[in-house]
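Heads up: the structure comes next, in structure tokens.
Quick note: the coordinates plus some simple rules give every number you see, no bench work behind them. Here the structure is a predicted model, which is why all the values come from computation and not from measurement. Please note: Cβ atoms are built from the backbone with ideal geometry, for glycine as well, and neighbour counts cover all protein chains shown.
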Amino acid sequence: MRLKESFCHTRQVLAANNIDNTPLEGELLLRQTLKINRVQFYQNLEQQITPKQQDILQELLERRLKGEPAAYISGYREFYGLDFYVNNDVLIPRPETEHLVDETLSLAQKQRMPLIADIGTGCGIIAISLALNLPRAKIYATDISAPALKIARFNCYKHGVVDRIKPLNGDLLEPLPEPVDFIVSNLPYVRQSELDTRGFEPVLALDGGVDGLEKIRRLCHQVNGKLLPGGYLLLEIGQGQREAVTTLLDSLFPTADIDVKPDLIGIDRIVSMVLPQ
Ligand code: GLN
């Protein structure tokens with residue numbers, strides 16, 4: 001069988017099992033089977049697939065059909081135009097988090113040497129995307145999960161930013177050794193009743209407690225003393241959480257300016273707060 005026939009067949013099997021975006025999903029499984037990149041994949045569609053390769057593909061396909069996300073099967077997910085290693089110790093990066101990076105970059109680019117903390121870094125996407133776009137920034141990346149921090153460290157090496165990102169194991173802002181200019185965070189914010197506990201992703205990385213806001217609320221209460229005057233707090237939030245988060249911040253920091261920006265589908269997604277100088 002040739003690669004293009006195998007691609008076509010794989011897509012049909014995926015579609016028959018209600019998996020969306022079969023062009024991408026099929027491509028990822030075949031690339032993982034053949035250990036090739038995207039360009040090699042599309043340049044070699046006429047190439048023959050060996051029986052051994054077909055067996056490997058079959059195994060990967062079965063994992064996918066049992067619900068394992070493609071990112072865990074391939075071990076990679078793209079975020080902000082960069083490849084990140086992922087496994088089931090970390091959440092799979094979501095596209096909406098790119099707004100958090102965009103927003104932080106637009107503010108931090110105005111500063112000479114911003115000091116930034118990415119809280120709950122997971123596989124490190126926020127810290128690393130910021131480091132690569134802010135060559136003079138110094139960044140702390142904290143996570144309560146030691147296995148997650150190991151993945152973040154691996155991704156820091158992969159992207160050549162180990163010297164500018166300091167991983168810290170601990171709860172929210174507690175491990176921060178000094179106040180910073182930016183606190184940036186995509187904490188778990190899914191309501192417990194909406195959690196998919198049979199999924200493959202670590203529940204710890206999604207579980208926001210009864211109303212989804214337990215961790216965000218705790219973080220907001222820790223900000224005092226950890227953010228420098230004129231410093232920014234930038235948070236990713238879930239649908240319907242705007243009011244609760246802005247009200248809490250307003251009560252904790254009555255002199256701060258608070259702003260909310262939507263994601264591409266219009267859901268209020270990024271809360272930013274700036275302290276007075
Ligand atoms: N946006 C993610 C989801 O809905 C949740 C990410 C998070 O909890 N920070 O799956």
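Ordered by packing density, taken as the mean number of other Cβ atoms within 10 Å over each peptide's residues, highest first, how do 17-26, 217-226 rank?
217-226, 17-26
Could you sort the peptides 260-270, 118-128 by per-residue average Cβ neighbour count (10 Å cutoff), highest mean leading?
Order by mean packing, descending: 118-128, 260-270.
Rounded to whole Hz and in sequence order, give me ³J(HN,Hα) for the range 216-229 from the Karplus expression 6.51 cos²θ - 1.76 cosθ + 1.60, θ = phi - 60°, writing x for Gly and Pro.
Result, rounded to whole Hz: 4, 4, 5, 4, 4, 6, 8, 5, 4, x, 9, 10, 6, x.
Taking the Cα-to-Cβ direction at ARG112 and at ASN169 and moving 7 Å from each Cα, how far apart do the two end points lie in nm?
Inter-label distance under the simple model: 3.7 nm.
Please list the non-local residues whose amide H lies under 5 Å from the amide H of ILE49, H modeled 1.01 Å from N, same-chain partners needing a gap of 5 or more.
ARG2, LEU3
Can you tell me how much longer the chain between THR197 and LEU45 gets when fully stretched, taken as 0.36 nm per residue apart minus their C-alpha distance, in nm with one decimal?
Here the answer is 50.8 nm.
Between ASN88 and VAL210, what is the FRET efficiency for a Förster distance of 35 Å, r being their Cβ-Cβ separation, to the nearest 0.05?
Here the calculated transfer efficiency is 0.90.
Would you compute, from DSSP H runs of 4+ residues alone, the mean residue ellipticity of the chain at 222 nm, taking -39500 (n - 2.57) per run and dividing by the full residue count, rounded to the nearest 500?
-11500 deg cm²/dmol
So for the chain, averaging the separation of alpha carbon pairs under 8 Å that are six or more residues apart and normalising by length, what relative contact order in percent results?
Averaging sequence separation for qualifying contacts and normalising by length gives 13 percent for the chain.
Using a Gaussian network model on the chain with a 10 Å cutoff between Cα atoms, which of GLY199, GLY238, GLY75 fluctuates the most?
GLY199
Report the label-to-label distance for ASP259 and VAL190 in nanometres (one decimal), using points 7 Å from each Cα along the Cα→Cβ vector.
The modelled label-to-label distance comes out at 3.1 nm.
Relative to the first principal axis of the alpha-carbon coordinates of the chain, what is the inclination of helix 51-65, with its axis defined by its Cα atoms, in degrees from 0 to 90 and to the nearest 10?
40 degrees
Just want to confirm a number: the relative contact order over the range 180-243, from Cα pairs under 8 angstrom separated by 6+ residues, in percent.
Taking the mean separation of contacting Cα pairs over the length of the range 180-243, I get 47 percent.
Which of LYS35/LYS150; LYS52/LYS158; LYS110/LYS261; LYS138/LYS226; LYS158/LYS261 have a Cα-Cα distance over 21 Å?
Flagged as over cut-off: LYS35/LYS150; LYS52/LYS158; LYS158/LYS261.
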